[in-house]
Amino acid sequence: MEFTVRSYRFNPEVDKQPYYKDYILNGFPSMTVLNALMKIKSETDGSLTFRRSCRSAICGSCAMKINGISKLACKTQVNSEITKFGIIKVEPLGNLPVVRDLVVEQESFFGKINEIKPYLLGIRENSPDEKFHVLKDGEKITQPVFHKSEFKALTGNNDTPNCILCECCFSECGTEVVNKKYLGPAALAKLYRYIEDPRDNDRDGSRLVNASKPNGIWDCVHCQACEQFCPKSISPVKSIVKLHEKAIKNSITFSKGAKHIIGIANSINKTGRLNEVKVAIDTVGLLGLMNDLPVVFRASLKGKIPSLKLKLIKDMDDIRLAFKELDREEE
Amino acid sequence: MITYVYYPGCVAQESGKELDNATKFIAEKLGINLLQMPEASCCGGGIIDGFDANLKLFINGRTLALAEKNGFDILTICNTCTLTLSEVNEEIKNNPALMKKTNAYLSKIRLKYEGNVKVKHLLYVLRDDIGLDKLKDVVVNSLNGIKVAPFYGCHILRPSEVIKFDDAENPSGFEELIKAVGGEPVSYVRRTKCCGFQTILIDEASSTSLSGNAIFEAQEQGADLMVTPCPLCHLSLDTYQNVAAKSIGKKLSLPVLHLPQLIGVALGGSYSEMGFSRHNVSLKPVMANINLK
Ligand code: FES
């Protein structure tokens, strides 16, 4: 089977700007994109640069954009890409600066993982004799160690522990494109994993409070790309939504995002509908709306301002009962 | 005549009324009977599970049960309503515990859901249930090869575990519809990216940069118009277009249509029937190109 690999090329030491180079390959059936790249590197062009290690979708090194979508090159079949796109176009991951060719700089990604404190908080951090240390001969770990299935049974969380930190979600994340400070899907999914861990001893709720500040859980645009394109079938966005629910149930509602959701819930509880004006006021306050006066003004000229008072839906009592049922579920 | 339970969603009944009107206009022309459901509630705007996952289950389980009682599938015109209803539908159907929990609530309001309803977005009702040939047959005002940038948005494509209308990596349904009514689809990368709407009240500059980037790219690719199947995307792309221009520091001026408005124009709808006076970015410059009266 003959096919073309079109690779993004950029070596900042010699190239003024990035360019694409085509390689014609004669491949074998069931070849992966990584196989193809390794074949090019060993037979045609040794300068083509990319990361790889395990070749079995477990180390997360070989993530790159393949025909525009972030994937693991070692888990992606040439055949299926050619059938769909007619070519193998490879580019570096998005939302991260390019080091060379298909290799991106990873510091900002791992910096964000570190920022959520990806370790168990509590006594082991504060008490002098419980500090992290290399175990001495015969010394036992004082905290229980969970097998993945036990962790799932305890927390209901069966996916985030499978994260291989490949950065596909980060590369596809909608918010990350426009807000480089956003913690990103992988870090927030990991945060959820620690918050749910029964061994974690976050006494003052600092994890949720910190995550509720700008650039945290409330900045997710819900574009679903992190779930769609995770090669390990993890859904960071679902973890983020669970963090929203947890924050609100623990009355951590100082953020605009929390106010927004509470506003929507209140509006549904009152009318069965979403009152666009009231939800906006609940979220940003009347003063906040002033910033958007030009938008509001133009919209009102066009007759687009929604009503402040909405007609109740028919059988509104059904919805009121749904809210009452929630309280019952809580008990 | 083909019948659906019509679920316009909240925005199309208020700030986006022109979408509701255009939908009804094309439904009549295409022989689609839209059964009104005045009992239906808001779906929760795609984020209500962040308040309480059970609330999402109950209110949308109720909507599904009401449709089942009526005996027809649901037709939606909002990406986010489509995803929310579809998610709940899948969750209930595949998880007996959730089915039981939802029906425990529903039984108190004399309803029951057995999982027999499908949730279909107008875009794919047109492609799959009406069919492109039938659509071509009723076109009276072909769009003359005008360049149309389809903006899919997110919730009509992703997650594809739940939303299975199209190929999430490389969708084509929208382009097929545009061609069927005589337009020329513009190809651009951001057609499947996010409009940013969910955080427009939380971080306006970032949110509108997303819509701005998409509009700018479509403009650069020569689009005369952009079209979206979602009223939330429309708010970001049209109502906030001036803010988006500021956020990305570029000049933006691209009229953005709701999907049924584009179809409606091809089926002979006039400027006022399509409610174009309600748009922020004027359609006047392109009106002659699309024979709009
Ligand atoms: S090489 Fe390790 S994940 Fe692909």
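Per-residue answers, yes or no, for (1) touching a residue at least 12 places away in the same chain (Cβ under 8 Å); (2) more than 16 Å from the ligand (Cβ to nearest atom); (3) open to solvent by less than 10 Å² (accessible area, probe 1.4 Å); (4) at the interface with chain B (Cβ under 9 Å from one of its Cβ atoms):
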residue	(1), (2), (3), (4)
A:216	yes, yes, yes, no
A:220	yes, yes, no, yes
A:240	yes, yes, yes, yes
A:247	yes, yes, yes, yes
A:251	no, yes, no, no
A:262	yes, yes, no, yes
A:283	yes, yes, yes, yes
A:286	no, yes, no, no
A:291	no, yes, no, yes
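Filter the stretch B:77-117 down to the residues that are part of a loop (DSSP other than H, G, I, E, B) and either within 10 Å of chain A (Cβ to nearest Cβ) or surrounded by fewer than 18 Cβ atoms within 10 Å (Cβ to Cβ) (or both) and list them by number.
Step one: of the stretch B:77-117, the residues part of a loop (DSSP other than H, G, I, E, B) are B:77-78, B:95, B:109-117.
Within the stretch B:77-117, B:95, B:109, B:110, B:111, B:112, B:114, B:115, B:116 qualify.
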Q) Taking the stretch A:15-65, which residues are surrounded by 13 or more Cβ atoms within 10 Å (Cβ to Cβ), more than 12 Å from the ligand (Cβ to nearest atom) and of a type in the set (A, V, I, L, M)? A) A:25, A:31, A:36, A:40, A:48
**Q.** the stretch B:7-47 - residue that is without any contact (Cβ under 8 Å) to a residue 24 or more places away in the chain and in contact with a helix residue (DSSP H, G or I) (Cβ under 7 Å, 6 or more places away or on another chain) and, of those, farthest from the other protein chains (Cβ to nearest Cβ)
**A.** B:13
Q.
Among the residues in the stretch A:162-173, are any closer than 23 Å to residue A:213 by Cβ, more than 16 Å from the ligand (Cβ to nearest atom) and out of contact with any strand residue (DSSP E or B) (no Cβ under 9 Å at 6 or more places or on another chain)?
A. yes
Q.
I'd like to check something: does the stretch A:111-129 contain any residue that is at pLDDT below 95 and either within 16 Å of the ligand (Cβ to nearest atom) or among the polar types (S, T, N, Q) (or both)?
A. yes
Q. Can you name the condition, by its number, that residue B:240 falls short on among (1) buried (at least 22 other Cβ atoms within 10 Å of the Cβ); (2) more than 10 Å from chain A (Cβ to nearest Cβ); (3) of a type in the set (Phe, Trp, Tyr)?
A. (2)
Q.
Among the residues that make up the stretch A:8-25, is at least one of them charged (D, E, K, R), touching a Phe, Trp or Tyr at 6+ places or on another chain (Cβ under 8 Å), more than 30 Å from residue A:162 (Cα to Cα) and in a loop (DSSP other than H, G, I, E, B)?
A. no
Q. From the set of residues in the stretch B:171-213 that are at the interface with chain A (Cβ under 7 Å from one of its Cβ atoms) and touching a Leu at 6+ places or on another chain (Cβ under 6 Å), which is surrounded by the fewest Cβ atoms within 10 Å (Cβ to Cβ)?
A. B:194
Q: Output the residues belonging to the stretch A:206-236 that are touching a strand residue (DSSP E or B) at 6+ places or on another chain (Cβ under 6 Å) and in a helix (DSSP H, G or I).
A: A:229
Q) If the Cβ limit is 6 Å and pairs must be 6+ apart or interchain, which residue in the stretch A:44-62 that is closer than 20 Å to residue A:161 by Cα pairs with which residue that is more than 8 Å from the ligand (Cβ to nearest atom) and in a loop (DSSP other than H, G, I, E, B)? A) A:60/A:165
Q) So which residues in the stretch A:70-87 are within 14 Å of another protein chain (Cβ to nearest Cβ), touching a residue at least 40 places away in the same chain (Cβ under 8 Å) and either surrounded by 20 or more Cβ atoms within 10 Å (Cβ to Cβ) or more than 16 Å from the ligand (Cβ to nearest atom) (or both), if there are any at all? A) A:70, A:71, A:76, A:81, A:82, A:87
Q.
So residue A:172 ticks every box in (1) under 13 Å from the mean Cα position of the chain (by Cα); (2) charged (D, E, K, R); (3) within 9 Å of chain B (Cβ to nearest Cβ) but one. Which box is left unticked?
A. (3)
(Q) Which count do you get for residues in the stretch A:132-171 that are under 23 Å from residue A:54 (Cα atoms) and of a type in the set (Asp, Glu)? (A) 2
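The values are calculated or read from the model by the stated rules, or taken from the named source; none is laboratory data. Just so we're clear, the structure is a prediction, and the values are computed from it rather than from any experiment. Reconstructed Cβ throughout: ideal geometry from the backbone, glycine too, with neighbour counts over all protein chains shown. Protein only, heavy atoms only, side chains kept; ligands, DNA and RNA dropped before computing areas. Shrake-Rupley method; radii C 1.70, N 1.55, O 1.52, S 1.80 Å.
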